[in-house]
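The values are calculated or read from the model by the stated rules, or taken from the named source; none is laboratory data. Worth saying up front: this structure is predicted, and the values here are computed from it rather than measured. So basically every Cβ, Gly included, is an ideal-geometry build from the backbone, and we count neighbours across all protein chains shown. When the accessible area is computed, the model is the full protein with side chains, heavy atoms only, and any ligands, DNA or RNA have been set aside. Shrake-Rupley method; radii C 1.70, N 1.55, O 1.52, S 1.80 Å.
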Amino acid sequence: MGTFKIMLLHHAYSLLFGWVLVEQAGVPIPSIPVMLAAGTLSASHKVHLSYAIGVSLVACLIADSAWYWLGRQYGRKIVDFLCRFSLESSTCVVKTQGTMSKRGAVTLLFAKFVPGLSTMAPPIAGQARIPYVTFLLYDGLGTLIWSAAWLLAGRFFGDIAEKSTRFYSGLGHFAVLLVAAAVIAVIVWRVVKLRQFRSQLVELRLEPEQLHSMICVAIDSGGEPPFIVDLRHPLDVLADPLVLPGAMRIGPDELKKRSESIPRDRDVVLYCTCPSEETSAKVAMELRRLGVMRVRPLRGGLQGWKDAGYPVDTVVSV
């Protein structure tokens, strides 16, 4: 442990750069504990705060620029890829697309403070065709605000701790353990949260075969078919301009506002483009809390329906 501590002190900038780069590249390991530790070390002048901010900025811009260009080139495919590995996938895509639509590049100023939004913002900015110079400006400013906030928080704690020589000495001895414990705690919390969400999702899911059977029964009996809602963002519809037969295109926020107009006397089926239908499941759970009990997410979303070989309609206008 002593050797590792010495290595940490001697290679603090390299460790900070690598950790931030890996996190921004999409690996779900939090860099905030490492930034707090670096800020704390700056109180004893073992780390220069300005250098630490510069290192964090460069690491973020490298990773974010890569995701921006991948999002611009491959669009929804790269967004789905990132979402599969996100520990915040229950909200990552819909939250980022919704915020990006409302605020544009300004979203990048605070994106790194929001779990899920941080990882997804660069590729969705590329998918939305935000000019790269604009992206670089706002992403750089956002990164400066984010890194400075956590490093200064660490410095503040370090300044307080340094007033007690004994406490600061003890803090130095256990710094590595404290950082490791903080990283593990954040990861465990995110995994538990995701597992809870996934367990609820399993209970709600509707299979494409079940939906197709419900539609056929309704047609044969002359009854009302399920109320099907396409929750996809306009960017996703542009990339894949197809919908389930009879589906209405309503965004998640708008659907929740119109919950009173959603029929209670028939099944309501929601679908999206998230790899594991996280968006439709989250909206379904929120609608149930609002009193819409017969609502379920479609397993696999639009892609799952198409893979099963069932018919689709073409979107007339986006």
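Of Ser259, Ser280, all but one fail to be modelled with pLDDT of 80 or more and among the hydroxyl-bearing types (Ser, Thr, Tyr); the exception is Ser280. Among all residues of the range 40-63, there is at least one that is in a helix (DSSP H, G or I), within 30 Å of Lys193 (Cα to Cα) and at pLDDT below 90.
Do you know which of the residues in the range 263-310 that are among the aliphatic types (A, V, I, L, M) and open to solvent by 10 Å² or more (accessible area, probe 1.4 Å) is nearest to the chain's Cα centre (by Cα)? Break it down stepwise before answering.
Residues of the range 263-310 that are among the aliphatic types (A, V, I, L, M), as a first pass: 268-270, 281, 283-285, 287, 290, 292-293, 295, 298, 302, 308.
Imposing the further condition that a residue be open to solvent by 10 Å² or more (accessible area, probe 1.4 Å) reduces the set to 285, 290, 293, 308.
Numbers: Met285: 19, Leu290: 25, Met293: 27, Ala308: 28 Å.
For the range 263-310, the residue satisfying everything is Met285.
Applying a threshold of 6 Å to beta carbon distances and a minimum spacing of six or more residues, or different chains, the list of pairs starting in the range 20-48 at a residue that is over 11 Å from Arg155 (Cβ atoms) and ending at one that is among the polar types (S, T, N, Q) and in a helix (DSSP H, G or I) reads Val20/Ser56; Gly26/Thr119. The set of residues from the range 226-249 being part of a loop (DSSP other than H, G, I, E, B) and open to solvent by less than 50 Å² (accessible area, probe 1.4 Å) comprises Pro226, Leu231, Arg232, His233, Asp240, Leu244, Pro245, Ala247.
Close Cβ contacts (under 9 Å, 6 or more residues apart or on different chains) running from residues in the range 252-280 that are closer than 22 Å to Glu224 by Cβ to residues that are among the aromatic types (Phe, Trp, Tyr) and crowded, with 16+ Cβ neighbours inside 10 Å comprise Ile262/Phe227; Pro263/Phe227; Arg266/Phe227; Asp267/Phe227; Val268/Phe227; Val269/Phe227; Tyr271/Trp305; Ser280/Tyr271. A Cβ distance below 7 Å, combined with a sequence gap of six or more or placement on separate chains, defines the contacts here; from the range 232-249, residues that are within 17 Å of Tyr310 (Cβ to Cβ) reach residues that are basic (Lys, Arg) and at pLDDT 85 or above in the pairs Val243/Arg249. So which residues in the range 112-128 are at pLDDT 75 or above, farther than 18 Å from Arg232 by Cβ and either under 10 Å from the mean Cα position of the chain (by Cα) or open to solvent by 10 Å² or more (accessible area, probe 1.4 Å) (or both), if there are any at all? Correct list: Lys112, Phe113, Val114, Leu117, Ser118, Thr119, Ala121. Filtered by the rule that a residue be closer than 30 Å to Leu287 by Cβ, open to solvent by less than 60 Å² (accessible area, probe 1.4 Å) and at pLDDT 70 or above, the range 174-212 gives Arg190, Val191, Leu204, Arg205, Leu206, Pro208, Leu211, His212. Residues in the range 98-106: is at least one at pLDDT 85 or above and open to solvent by 20 Å² or more (accessible area, probe 1.4 Å)? Scanning the range 98-106, I find at least one residue that is at pLDDT 85 or above and open to solvent by 20 Å² or more (accessible area, probe 1.4 Å), so the answer is yes.
Does Val283 satisfy being under 14 Å from Leu211 (Cβ atoms) and of a type in the set (A, V, I, L, M, F, W, C)?
Values: under 14 Å from Leu211 (Cβ atoms): no; of a type in the set (A, V, I, L, M, F, W, C): yes.
Answer is no for this residue.
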